[in-house]
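The values are calculated or read from the model by the stated rules, or taken from the named source; none is laboratory data. If you're wondering where the values come from, they're calculated on a predicted model, not measured in any experiment. For neighbour counting, all protein chains shown are included, and Cβ atoms are generated from backbone atoms with ideal geometry for every residue, glycine included. For the accessible areas, the whole protein counts, side chains as well, though only heavy atoms, and no ligand, DNA or RNA atoms are used. Shrake-Rupley method; radii C 1.70, N 1.55, O 1.52, S 1.80 Å.
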Amino acid sequence: MTRVVVAAIALGAALVASVTVAVTIGSADISVADVWGSVISHVLGQSSPLDPLHDGIVWQLRLPRILTAAAVGAGLALVGCVMQAVTRNQLADPYLLGLSSGASLGAVAVLLLGIGVLLPVAAFGGAMLALVATLGLASAFGPLTPTRTVLAGVAVSSFAAALTSFVIFWTATGDSYREILGWLLGSLAGARWPEATIAGVAILVVGVPLALTGRVLDAFAFGDRSAASLGVPVTGVRWTLLGAGALLTGALVAVSGAIGFVGLVLPHAVRLVIGPGNRALLPLSALAGGLFLVWADTLARAAFDPRELPVGIVTALVGAPVFALLLMRRRSLA
């Protein structure tokens, strides 16, 4: 337990330091002292020590974007942990089970209809429909097994992606292709305080309760019968947790687009360090996910200045080889 507490403190401190340093990175010359001076002045309702241009860069542009990145990374990693535990499949994540693709389909539909105000609702609705389709397809021919769940998720994800492509091909005109493509690849470029608020509220209302379900998730480790023998109402708990995961994924995808590999790689990386126990794995994965996406987004916006990459490209470029290394290490330890 001491090692877990130390790891939590270290990751929490690293996340706060990373958010601060990331705000200073960019074309404008801003120091750490400037960042905290601007933040404290706004929180206390005082006049900022910075000039209006630099204060706007800190408070209106970079800080909400970076806080959104931290919240999205934490939430996706958390949902990945929950899905891997509930389905007993370590390849499960919001992307693989179709939630991200379903949320993308709902979001693209309302964007093309010009009713972007419904984006969070549409993303959540798409994620829920994808989840129901995945679990319904997986359980249609027998008990809900991990392998069947993943295969059903792949099918639903591919179908939703195909529908999204068809909708874009049939209806998008002019520069709307560029906007939608950037959103589908995952981007935090448009994240401001409303987006940061949505992501933050989603983490507080859904993510924090999910992070406290470690004891229940541990009961699923040896199968449904073992969980039932420990007093866990298996069906109700499974659907509640998956529904909460879909709700959180929909809210996060609505503000960031579809970002892959965070929910898959981070739980594996943290599990290698602290072991499989979900009571420690859930909060530590959330902190690690937030830390990872803060730096991935900083790399996406600053490494190729004045151009900016969608952050989903960076997470895929980093996540794929890291996941391969994790698999190789697990094989060597087996």
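Structure values in brief
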quantity	calculated
From phi via Karplus (6.51, -1.76, 1.60), per-residue ³J(HN,Hα) for segment 147-161 in Hz, x at Gly/Pro	5, 5, 5, 5, 4, 5, x, 4, 5, 5, 4, 5, 5, 5, 5
Accessible heavy-atom area order of 307, 279, highest first, probe of 1.4 Å	307, 279
Candidates 254, 109, 288, ranked by Gaussian network fluctuation over the chain, Cα under 10 Å, top entry	109
³J(HN,Hα) computed for each position of segment 44-60 - Karplus, 6.51 cos²θ - 1.76 cosθ + 1.60, integer Hz, glycine/proline x	8, x, 9, 6, 6, x, 8, 6, x, 5, 5, 5, x, 4, 6, 7, 9
Per-residue ³J(HN,Hα) for segment 103-113, Karplus 6.51 cos²θ - 1.76 cosθ + 1.60, θ = phi - 60°, Hz, x for Gly and Pro	5, 5, 4, x, 5, 5, 4, 6, 5, 6, 7
With DNA, RNA and ligands ignored, accessible area of residue 43 (1.4 Å probe; Å², nearest 10)	110
Built amide H within the under 5 Å cut-off of residue 97, gap 5+	none
Net charge over other residues, Cβ less than 13 angstrom from the Cβ of residue 284 (K, R count +1; D, E count -1)	+3
Overall form of segment 1-116 per C-alpha gyration tensor (a/c, 1.5; a/b vs b/c)	oblate
Solvent-accessible area of residue 151 with every protein chain in place, 1.4 Å probe, in Å² to the nearest 10	110
Probe 1.4 Å, all protein chains present, accessible-area order of 220, 169, 304, largest first	169, 304, 220
